[in-house]
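**Q** Before we start, here is the structure in question, set down as structure tokens.
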Amino acid sequence: MSSSPVSAMFSPDATAAIVSAEESPSSPLDLPLLGQSLAQLQAWVVQQGQPAYRGKQLHQWIYAQGARSLTDITVFSKAWRATVADVPLGRSELHLRSVAPDGTVKYLLRLADGHIIEAVGIPTAKRLTVCVSSQVGCPMACDFCATGKGGFARNLATHEIVDQVLTVQEDFGQRVSNIVFMGMGEPLLNTDSVVAAIRCLNGDVGISQRAITLSTVGIPGRIRQLAEQHLQVTLAVSLHASNQGLREQLIPSARAYPLTALLTECRDYVAVTGRRVSFEYILLAGLNDLPEHAGELADLVGGFQSHVNLIPYNPISEVDYQRPSDYDIQDFAEALRERHVAVSVRYSRGLEKDAACGQLRATKLAAAG
Ligand code: SF4
């Protein structure tokens with residue numbers, strides 16, 4: 001059981017931070033080519049005085065051949081490459097690569113303005129999943145989260161999100177099958193870039209929308225806006241509590257977004273998209289894993305297309321929450337099943353290597369002083 005005083009979990013500046021995140025500009029880079037569609041790339045090469053078929057070659061080299069600069073694209077003439085050598089493609093630089101015993105690979109990537117973000121490649125027998133970040137840091141200040149402890153810098157631009165997927169794909173030398181927006185940041189505070197990245201990853205990189213999961217703690221009105229995009233992605237809502245009071249302790253922004261309103265938007269999402277909603281629930285020993293919490297959770301999510309993912313807490317150094325025992329985890333899952341809730345238990349991969357959200361970046365930034 002956590003001994004953290006409840007009052008210490010609240011951030012009085014949370015609302016102001018969210019507003020500032022929404023107003024934050026995306027990357028200052030001028031027209032990176034990564035993130036552009038085939039039609040946009042064709043229009044760009046024509047604007048540069050080249051034939052339109054060069055746009056198709058450019059598209060192929062950016063999304064399939066791993067070009068990191070226009071000078072890499074050897075099918076273009078040396079003379080033209082020299083004239084466009086300074087046009088940014090939009091790729092990041094690898095700052096650090098860390099491999100866990102289970103094969104999970106964590107990447108720290110340096111952006112053009114020097115910010116560092118984290119991406120994770122998670123291989124299984126049949127899949128390669130990439131966990132991507134949507135912001136540099138995060139303003140939501142969830143109490144159990146390493147990223148939330150580190151503050152917020154800015155939103156990521158579309159190309160900076162797509163780059164994370166290409167980086168993992170190139171490093172593993174195999175196609176990425178799944179993408180989860182569960183890294184640093186709250187995706188629905190950066191909806192335009194995130195939706196554009198999803199369309200690019202689907203249309204240009206070739207990853208099915210159904211293999212993409214967007215995870216959010218919930219921003220009022222944004223789930224409904226996402227539904228209006230008519231994407232086929234999976235919406236994963238980070239619930240983490242079975243009642244409003246407990247949720248406010250863990251997620252400061254929840255004070256402005258009652259559970260009833262959040263669940264109404266989730267029901268609307270199912271109605272508009274026909275896609276079930278996943279509810280993420282981090283199990284914190286003695287805090288939200290008791291039998292009464294299982295009952296409350298079943299009441300909340302019962303009655304519409306949904307699935308609950310239980311995530312046993314992965315300890316971070318800054319706070320003293322505890323991970324429940326395996327016995328308590330299975331008990332909680334069983335209590336939900338008895339109430340006819342579809343439930344899975346998901347263990348973090350790469351536990352030994354700073355597996356918590358944003359933890360590798362937090363560790364390295366702290367070490368750098
Ligand atoms: S859990 Fe997600 S939304 Fe909350 S602080 Fe961490 S990154 Fe942000």
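**Q** Could you give every pair whose Cβ atoms fall below 7 Å, whose first residue belongs to the stretch 238-256 and is more than 20 Å from S278 (Cα to Cα), and whose second residue is more than 13 Å from the ligand (Cβ to nearest atom) and assigned to a loop (DSSP other than H, G, I, E, B), counting only separations of at least 6 or pairs across chains?
**A** P252/F10; A256/P220
**Q** Can you go through A153, A157 and tell me which one is more than 13 Å from the chain's Cα centre (by Cα), among the small types (G, A, S), within 14 Å of the ligand (Cβ to nearest atom) and modelled with pLDDT of 95 or more?
**A** Being more than 13 Å from the chain's Cα centre (by Cα), among the small types (G, A, S), within 14 Å of the ligand (Cβ to nearest atom) and modelled with pLDDT of 95 or more holds for just one of A153, A157, which is A153.
**Q** Could you please give the count of residues in the stretch 224-264 that are out of contact with any strand residue (DSSP E or B) (no Cβ under 9 Å at 6 or more places or on another chain) and part of a helix (DSSP H, G or I)?
**A** Of the residues in that region, 17 qualify.
Residue-by-condition table, conditions (1) within 16 Å of the ligand (Cβ to nearest atom); (2) modelled with pLDDT of 95 or more; (3) assigned by TED's automatic domain parsing to the domain that holds F152; (4) buried (at least 20 other Cβ atoms within 10 Å of the Cβ):
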{"position": "A271", "(1), (2), (3), (4)": "no, no, yes, no"}
{"position": "I282", "(1), (2), (3), (4)": "yes, no, yes, yes"}
{"position": "N288", "(1), (2), (3), (4)": "yes, yes, yes, yes"}
{"position": "A294", "(1), (2), (3), (4)": "no, yes, yes, yes"}
{"position": "Y321", "(1), (2), (3), (4)": "yes, no, yes, yes"}
{"position": "R337", "(1), (2), (3), (4)": "no, yes, yes, no"}
{"position": "V343", "(1), (2), (3), (4)": "no, yes, yes, yes"}
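**Q** Taking the condition under 23 Å from D171 (Cβ atoms) and not in a helix (DSSP H, G or I), does G35 pass?
**A** It is true that G35 is under 23 Å from D171 (Cβ atoms) and not in a helix (DSSP H, G or I).
**Q** Checking the structure you have, find out if any residue of the stretch 358-365 is outside any helix (DSSP H, G or I), at pLDDT below 65 and within 22 Å of the chain's Cα centre (by Cα).
**A** The answer is yes, given that some residue of the stretch 358-365 is outside any helix (DSSP H, G or I), at pLDDT below 65 and within 22 Å of the chain's Cα centre (by Cα).
**Q** Here are some conditions: (1) basic (K, R); (2) within 16 Å of the ligand (Cβ to nearest atom); (3) over 30 Å from P291 (Cβ atoms). R247 meets all but one. Which one does it not meet?
**A** Against the list (1) basic (K, R); (2) within 16 Å of the ligand (Cβ to nearest atom); (3) over 30 Å from P291 (Cβ atoms), R247 comes up short only on (3).
**Q** A further question follows. Kindly indicate whether any position in the stretch 229-246 is surrounded by 15 or more Cβ atoms within 10 Å (Cβ to Cβ) and closer than 21 Å to R154 by Cα.
**A** no
**Q** Identify the residue in the stretch 121-136 that is part of a strand (DSSP E or B) and closer than 22 Å to N155 by Cα and, among all such residues, is nearest to the ligand (Cβ to nearest atom).
**A** Top of the filtered list is Q135.
**Q** Here's a follow-up. Which one of G302, G221 is on the phi > 0 side of the Ramachandran plot and surrounded by fewer than 22 Cβ atoms within 10 Å (Cβ to Cβ)?
**A** When all the criteria are applied, what remains is G221.
**Q** For the stretch 164-173, check the following and say yes or no: at least one residue is within 16 Å of the ligand (Cβ to nearest atom) and either over 13 Å from the mean Cα position of the chain (by Cα) or over 16 Å from A67 (Cα atoms) (or both).
**A** no
**Q** Tell me the residue from T104, T147 that is crowded, with 20+ Cβ neighbours inside 10 Å, polar (S, T, N, Q), modelled with pLDDT under 95 and within 16 Å of the ligand (Cβ to nearest atom), please.
**A** The unique qualifying residue is T147.
**Q** Could I ask something else about it? Need pairs with beta-carbon distance below 8 Å; first residue more than 30 Å from G203 (Cβ to Cβ) and among the aromatic types (F, W, Y) and within the stretch 141-166, second more than 8 Å from the ligand (Cβ to nearest atom) and not in a loop (DSSP other than H, G, I, E, B); sequence gap 6+ or separate chains.
**A** From the stretch 141-166, the pairs are F144/L250; F144/I282.
**Q** Looking only at the stretch 32-66, which residues are more than 19 Å from D86 (Cβ to Cβ) and aromatic (F, W, Y)?
**A** Y53, Y63
**Q** Just the residues that are part of a helix (DSSP H, G or I), free of Cβ contacts under 8 Å to residues at least 60 places away in the same chain, of a type in the set (V, I, T) and buried (at least 21 other Cβ atoms within 10 Å of the Cβ), please, taken from the stretch 171-218.
**A** If the condition is that a residue be part of a helix (DSSP H, G or I), free of Cβ contacts under 8 Å to residues at least 60 places away in the same chain, of a type in the set (V, I, T) and buried (at least 21 other Cβ atoms within 10 Å of the Cβ), then I198 is the only one that fits.
**Q** Okay, moving on. Could you list all residues from the stretch 66-81 that are in contact with a helix residue (DSSP H, G or I) (Cβ under 8 Å, 6 or more places away or on another chain) and either surrounded by 13 or more Cβ atoms within 10 Å (Cβ to Cβ) or in the same structural domain as L201 (by TED's automatic domain parsing) (or both)?
**A** Selection gives G66, A67, L70, T71, D72, I73, F76, R81.
The values are calculated or read from the model by the stated rules, or taken from the named source; none is laboratory data. Keep in mind that what you see is a predicted model, and the values were worked out from it rather than measured. We place every Cβ from the backbone using ideal geometry, glycine too, and count neighbours over all the protein chains shown.
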